[in-house]
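Working notes, beginning with the structure itself.
Bear in mind that the values in this text are calculations on the coordinates, not laboratory data. Please read these numbers as outputs of a predicted model, since none were measured by experiment. FYI the Cβ positions are ideal-geometry reconstructions off the backbone, even for glycines, and counts take in every protein chain you see.
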């Protein structure tokens, strides 16, 4: 939810085949039913595509502001404070009050872009800090080509992000292929390091703001401590559940691995800024890459 007012398109410099392009060209034909899925095969794998995921979140909220009346609906209440859900009741009259948020142009109640992290075989780290939430949007899929493609079809994914791998010829059940062809609008290959071979898309962060969310993912303890201090002032069951979830999922990634990833992330920054590359491919090439990934 915080990403609705934290992120903006100016934080991303997008280049396609080396040419600087408008932000929206990263998401052709974006619409109200767009859903992004990142396949995860390494610890905190979503961070390899952190700029694309944050850009997608930005596009989601831009579209919401341009096409829906959530903000106007609340502002037309003439000061009447209507609870949308439990979180609103708890924040009434406080900094997170939905009416006050609407007046500032922020999303007035807990809402998250439809970003899914599909962990192959097992959970590989909590990505709540990247606003991959609620919890059901991080799920395990069997390390099986059919299981993965069926999950993509069932979730109505439209933007697919796949870890780089040596492709293998993939045969998809016709009924699944029909759904994927109808829905998937773009397929990108990424690498956990942030760099792929033969890239045709480059995203550069223009501000350290785009490192704040990855930092929360990798350095969870300070985040938990901050939230526990927050809970001393605001008794929010929503935040309490989030803290409990972060603690519960810590064992998914060893402390040694986490420290290594923190170091590698810091070393990848240029003057404090992140640059990531991707390879845009056809749907069939993407399916072949998935087949190679799980073979």
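Out of everything in the range 235-261 that is more than 19 Å from residue 134 (Cα to Cα) and surrounded by 15 or more Cβ atoms within 10 Å (Cβ to Cβ), what residue ends up being farthest from the chain's Cα centre (by Cα)? I'd like the intermediate steps shown before the answer.
Within the range 235-261, the first condition is being more than 19 Å from residue 134 (Cα to Cα), and the residues that meet it are 235, 251, 253-261.
Filter again for surrounded by 15 or more Cβ atoms within 10 Å (Cβ to Cβ), leaving 253, 257-258, 261.
On the way: 253: 19, 257: 21, 258: 19, 261: 18 Å.
The residue in question is 257.
So that you can scan it fast, the table gives a plain yes or no per residue for (1) in a loop (DSSP other than H, G, I, E, B); (2) farther than 29 Å from residue 26 by Cα; (3) touching a residue at least 40 places away in the same chain (Cβ under 8 Å):
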| residue | (1), (2), (3) |
| --- | --- |
| 210 | no, no, yes |
| 213 | no, no, yes |
| 224 | no, yes, no |
| 235 | yes, yes, yes |
| 241 | no, yes, no |
| 256 | no, yes, no |
| 267 | no, no, no |
| 279 | no, no, yes |
| 284 | no, no, yes |
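Counting only residues that are out of contact with any helix residue (DSSP H, G or I) (no Cβ under 9 Å at 6 or more places or on another chain) and either part of a helix (DSSP H, G or I) or over 22 Å from residue 47 (Cα atoms) (or both), how many does the range 243-254 have? Give the steps one after another, and end with the answer.
Let us first name the residues in the range 243-254 that are out of contact with any helix residue (DSSP H, G or I) (no Cβ under 9 Å at 6 or more places or on another chain), namely 244, 248, 251-252, 254.
Remaining after also requiring either part of a helix (DSSP H, G or I) or over 22 Å from residue 47 (Cα atoms) (or both): 244, 248, 251-252.
So the answer is 4.
Could you check, for the range 190-207, whether at least one of its residues is farther than 24 Å from residue 16 by Cα and touching a helix residue (DSSP H, G or I) at 6+ places or on another chain (Cβ under 9 Å)? Break it down into steps so the answer makes sense when it comes.
Here is the first cut: in the range 190-207, the ones farther than 24 Å from residue 16 by Cα are none.
No, the conditions are met nowhere in the range 190-207.
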